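The values are calculated or read from the model by the stated rules, or taken from the named source; none is laboratory data. None of these values were measured; they are calculated from a predicted model. Neighbour counts run over all protein chains shown; Cβ positions are idealised from the backbone, glycine included.
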Amino acid sequence: MKSRLFKKAEGIDLSNLPRHIAIIMDGNGRWAKKRALPRSAGHAAGAEVFRTIATYCKNIGIDYLTVYAFSTENWKRPKAEVDGIMRLLEKYLREAIEKMRKDNIKLKFFGDTSVLSEPLKALIAETDEISKTIDGFQANICLNYGGRDEIVNAAKVYADKVKNGAENDISEEGFANLLYSESIPDPDLIIRPGGEMRISNFLLYQAAYSELIFTPKLWPDFKPEDIDDAIKTFQARERRFGAAGK
């Protein structure tokens with residue numbers, strides 16, 4: 001008997017899934033404002049939705065899920081909001097550490113984590129160690145992440161390698177392996193809830209041939225059936241990668 005999660009996915013072709021889905025988790029603050037709640041309530045609701053969507057993606061056969069949690073630009077937000085997001089992340093990681101092996105979910109972080117608090121860096125290091133023992137679905141959390149910053153950092157490392165003779169020439173493959181995403185495949189599908197129609201410095205290098213889907217639904221209202229709808233749209237498109245169409 002199929003699980004409830006798989007029943008929701010009956011309208012999509014499970015043999016033709018995107019291998020990697022990326023999501024810009026937008027709309028937490030507006031969701032809270034509509035309900036006369038503090039912005040922190042929106043971020044808490046969004047964190048629960050991430051948990052649900054990550055589990056759903058794993059269960060239907062997606063290999064990678066990458067979410068935009070906190071950008072390099074988000075430090076401009078009020079200190080109280082930023083502090084609240086960091087506390088929420090610590091809470092989430094403590095809970096995730098207890099469940100990662102049981103749920104068979106790897107957690108990886110993309111971004112400059114050097115500026116984070118010591119407790120948060122310790123939790124991230126612990127999730128990295130646990131992830132080494134897990135072979136399966138991988139959830140990537142972009143934290144203090146910016147696409148331009150990622151490219152610049154990779155370019156600096158590559159330039160040093162070439163200068164020191166470690167690399168003879170620059171190649172796309174060699175450069176891509178210096179990004180935070182390293183050897184994982186580029187996202188096939190990028191989804192942005194919240195009504196905005198831009199990618200906001202998210203996976204700029206990796207998104208070269210990603211299919212883009214924008215939806216007005218705010219992230220805390222997102223549900224597994226919204227993933228189904230996005231996958232159906234993805235499966236209806238012809239991906240040519242620069243070649244002529246059929």
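Quick notes
Yes/no per residue for (1) among the β-branched types (Val, Ile, Thr); (2) surrounded by 12 or more Cβ atoms within 10 Å (Cβ to Cβ); (3) more than 18 Å from Met25 (Cα to Cα); (4) in contact with a Gly (Cβ under 6 Å, 6 or more places away or on another chain):
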residue: Trp75; (1), (2), (3), (4): no, no, no, no
residue: Ala96; (1), (2), (3), (4): no, yes, yes, no
residue: Ile105; (1), (2), (3), (4): yes, yes, yes, no
residue: Lys108; (1), (2), (3), (4): no, yes, no, no
residue: Gly111; (1), (2), (3), (4): no, yes, no, no
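- Single residue of region 77-94 satisfying the filter (of a type in the set (A, V, I, L, M) and out of contact with any helix residue (DSSP H, G or I) (no Cβ under 6 Å at 6 or more places or on another chain)) that is surrounded by the most Cβ atoms within 10 Å (Cβ to Cβ): Leu89
- For region 1-17, the criterion of being modelled with pLDDT of 95 or more, surrounded by 13 or more Cβ atoms within 10 Å (Cβ to Cβ) and under 14 Å from the mean Cα position of the chain (by Cα) is met by no residue.
- Verdict on Ser183 being modelled with pLDDT under 95 and under 18 Å from the mean Cα position of the chain (by Cα): yes
- The residues in region 84-130 that are of a type in the set (Lys, Arg), touching a strand residue (DSSP E or B) at 6+ places or on another chain (Cβ under 8 Å) and under 24 Å from Gly42 (Cα atoms) can be counted, and the count is 1.
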